[in-house]
Number of protein chains: 2
Amino acid sequence: MDVQTIELKKTILENNDADADKLRGENAAKQVTYLNVMSAPGAGKTTTILGLLERLKGRLRCAVMEADIDSDVDARTVLEAGFPAVQLHTGGMCHLDAEMSRQGLRALPEDTQLVILENVGNLVCPAEFDTGADLNLCILSVPEGDDKPLKYPLIFSKVDAVVINKMDSLPAFDFDLEKCKDGIRLRNEEVPVFPVSARTGEGMDALADYLYEKVTNK
Amino acid sequence: MDVQTIELKKTILENNDADADKLRGENAAKQVTYLNVMSAPGAGKTTTILGLLERLKGRLRCAVMEADIDSDVDARTVLEAGFPAVQLHTGGMCHLDAEMSRQGLRALPEDTQLVILENVGNLVCPAEFDTGADLNLCILSVPEGDDKPLKYPLIFSKVDAVVINKMDSLPAFDFDLEKCKDGIRLRNEEVPVFPVSARTGEGMDALADYLYEKVTNK
């Protein structure tokens, strides 16, 4: 299957925050909701997104932008599952900004209602750049450890929801879910936390319903 | 236990590469070997470093610099295990450069032979900045997936050795060790790969011996 890959042009804008607000306006006019999914490498972004696509099928028209420094394995996976996807190559950049998002959005079907961005796997830099998304989500996985909210404060303070993935691997690791939630709440008191296993499906219905609600009640 | 924490001053040097070479010269004159350990968040850097410290005890005088955006949990852990350690706060920065390394090195015992830096958890940015280290090591953990060398090419191409950690969790994940090694070799044909479990100790003696050899035969 052919994967459309966009080599993003780097944009050094004076004011990315203003451009991000502009992008939110453009998307609102088209009735598009833009969801930015961030995590460390290997936390299960692609598997979680696939689980959401399956659960939202027939309810929302979704499409995916897969951002990576190199490779097109993730866009290929989403396409093979039967959903529109485009691969974005960041040219070595560790994050996406609003104009880079716009370059990808243009390549997606016009009637898309929910665009999901799989950001570059990184808990630091993506939190510093507003992509213009309407919703921001962070995935933390059990094998990474329950102390991550203490070490990467910015990302946890900025997101609208936190997913704790790979709950099925809990027996193999020393991970204290309550301690992890306490760490998250220190950064972001009211943020909803969804413990899931994207692999087994545990907890995924609740996450899909939360997103559906957010998109349709905007 | 009191943890010495250094709030690093950001340095925008014209030429970090030249400064990194200078730092290597300064360390060589003091017979110090500087090891930079990089990985994604939660790959097990601290546990691996602790395992190395135990195995090198009595053979090399080691000390640790723990870099994080926030918290001092890692330096505290190393100190409590009985080894010299200093916490470096990067002030939100996603990587360390040579001058930031130098600020940390000054805080360690003068007779140290091996300084281990636990870099910020990030597979992207730390690979782009030469810390002035003599040896660079990347840890990839089984739960992250065997496709990571395809997605983060730069870091795998630049390191002197790759550690594959959390081998004890292999039954819980779809991880193909040979496929992962093939991906690493695509980026770095000759690089040694050490499959280990820092938690159970599996493979850690070989890694410690490799480092001892590198430090003493410099």
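Here are some notes:
- Remark: the range A:8-79 is approximated by an ellipsoid whose semi-axes, taken from the C-alpha gyration tensor as √(5λ), come to 24, 19, 11 Å, largest first.
- Each principal axis of the Cα cloud of chain A was evaluated for its coordinate range; sorted largest first, these ranges are 43, 38, 36 Å.
- Over chain A, relative contact order from alpha-carbon pairs under 8 Å, at least 6 apart, %: 25 percent
- Calculated [θ] (222 nm, deg cm²/dmol) that DSSP helices of n ≥ 4 give over the protein assembly as shown, each run adding -39,500 (n - 2.57): -10000 deg cm²/dmol
- In this structure the range A:1-124 gives 40 Å² per residue of accessible area when probed at 1.4 Å with all protein chains present.
- Considering only B:4, B:81, B:43, the residue lying farthest towards the positive end of the dipole of the range B:1-91 is B:81, judged by Cα position with unit charges set on Cβ.
- For the residues of A:141-153, the average number of beta carbons from a partner chain within 10 Å of their own beta carbon is 6.
- DSSP-defined beta bridges in chain B - what % are antiparallel, rounded to 5: 0 percent
- Over the range A:107-218 - Rg/Rh using Cα atoms and the Kirkwood inverse-distance radius: 0.97
- Charge tally for residue B:82 (other residues, Cβ to Cβ under 13 Å; Lys, Arg +1; Asp, Glu -1): +1.
- ³J(HN,Hα) computed for each position of the range B:68-84 - Karplus, 6.51 cos²θ - 1.76 cosθ + 1.60, integer Hz, glycine/proline x: 8, 6, 8, 6, 10, 4, 6, 4, 4, 4, 5, 4, 5, 7, x, 10, x
- Candidates per trypsin sites (Lys or Arg not before Pro) in the range A:77-151, loop by DSSP, up to 16 other Cβ within 10 Å: A:106
- Exposure of residue B:214 as accessible area (Å², to 10), given a probe of 1.4 Å and all protein chains: 90 Å²
- Share of Cα-Cα pairs in the range B:1-127 lying beyond 20 Å, as whole percent: 40 percent
- For residue A:120, the amide hydrogen comes within under 5 Å of the amide hydrogens of A:96, counting only partners 5 or more places away or on other chains and with H modelled in the peptide plane.
- Solvent accessible area, Å² - residue B:187, 1.4 Å probe, full protein context: 70 Å²
- Karplus 3J(HN,Hα) series, Hz, for the range A:176-187 with 6.51 cos²θ - 1.76 cosθ + 1.60 (x for Gly, Pro): 9, 4, 5, 4, 5, 4, 4, x, 5, 5, 4, 8
- Surrounding net charge for residue A:152, when Lys and Arg each add one and Asp and Glu each subtract one, Cβ distance under 11 Å: 0
- Reachable lysines, given that their alpha-carbon falls under 17 Å from the alpha-carbon of residue B:181 and they are not under 8 places away in the same chain: B:148, B:151, B:158, B:166
- Residue B:163 long-range amide H proximity, modeled H, under 5 Å: B:138, B:139, B:140, B:194
- Among the cysteines of chain A, A:62, A:138, A:180 have no other cysteine beta carbon within less than 4.7 Å of their own.
- Low-density loop positions, GluC sites (Glu not before Pro), the range A:148-218 - DSSP coil, at most 10 other Cβ in 10 Å: A:189, A:190
- Over the Cα atoms of the protein assembly as shown, the radius of gyration divided by the Kirkwood radius equals 0.97; this is the Rg/Rh ratio.
- Here the range B:42-72 and the range A:20-66 have alpha carbon centers that stand 38 Å from each other.
- Between amide H atoms placed 1.01 Å from N, distances below 5 Å from residue A:146 occur with A:176, all of them 5 or more places distant or on a separate chain.
- Here chain B is treated with +1 on each Lys and Arg Cβ and -1 on each Asp and Glu Cβ, and its dipole about the Cα centre works out to around 300 debye.
- Convex hull volume per residue for the range A:158-203, taking Cα atoms only, in Å³: 74 Å³
- When A and B come together, around 2500 square angstrom of accessible surface is lost from both chains combined, probe 1.4 Å.
- Here the accessible area of the range A:65-218 is 47 percent carbon and sulfur, with a 1.4 angstrom probe and all protein chains present.
- Computed from backbone phi, the HN-Hα couplings of the range B:157-163 come to 6, 9, 8, 8, 7, 10, 9 Hz, rounded to whole numbers (Karplus: 6.51 cos²θ - 1.76 cosθ + 1.60, θ = phi - 60°; Gly and Pro given as x).
The values are calculated or read from the model by the stated rules, or taken from the named source; none is laboratory data. Please read these numbers as outputs of a predicted model, since none were measured by experiment. A quick note on method: Cβ atoms are made from the backbone with ideal geometry, for glycine too, and the neighbour counts reach across all protein chains shown. Quick note on the areas: whole protein, heavy atoms, side chains included, nothing else; ligands and nucleic acids left out. Shrake-Rupley method; radii C 1.70, N 1.55, O 1.52, S 1.80 Å.
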